[in-house]
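The values are calculated or read from the model by the stated rules, or taken from the named source; none is laboratory data. The shown structure was predicted, so the numbers you read here are calculated from the model rather than taken from an experiment. All Cβ positions, glycine included, derive from the backbone under ideal geometry; neighbour counts span all protein chains shown. Heads up: the accessible areas ignore ligands, DNA and RNA and are worked out on the full protein's heavy atoms, side chains in. Shrake-Rupley method; radii C 1.70, N 1.55, O 1.52, S 1.80 Å.
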Amino acid sequence: MDCDQVFMVLTSGPFPTGDRSDVAVEEHLECCASCWRIAEALRPAHDLFEEAVPASESRDLPGYWGDAVPARLAMADVQQTALRTAALARRARPLAQPVPLAPLPSPTTNWSRIAAVAALVLSFSSLAAVLTWIFV
């Protein structure tokens, strides 16, 4: 069984399904670290938090209730990935000096914009006055 088939089985509903292919999926999970990570991510965490979906409704949702334990090689792959991630996190350090922000433009009065807004307000009030005079 390949990774794509295992992914389809794990995400199509709860696992184990009771099918004959369950044994092949478990064997694949014991050899493949990436598929084992997916299965572990699908494992319900009932002891950590209260589910929003009742247990009776969650039986049809994807979930992994198997007992596959990754083989030594797969576990070594998981550990190497964790060590690489930790090493990258250690190398990432905060900036010694914060990056200066661009200075804000100085406030200046733009008289042409003020005049345009005043003309617009005057024209709308004149129009409202004329319409009120016509229809009243």
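The table below gives the values:
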| read-out | value |
| --- | --- |
| Residue in the stretch 4-45 that is least open to solvent (accessible area, probe 1.4 Å), counting only those that are more than 28 Å from the chain's Cα centre (by Cα) and farther than 22 Å from Asp77 by Cβ | Asp22 |
| Only one of Thr85, Thr132 that is hydroxyl-bearing (Ser, Thr, Tyr), under 30 Å from Leu29 (Cβ atoms) and at pLDDT 75 or above | Thr85 |
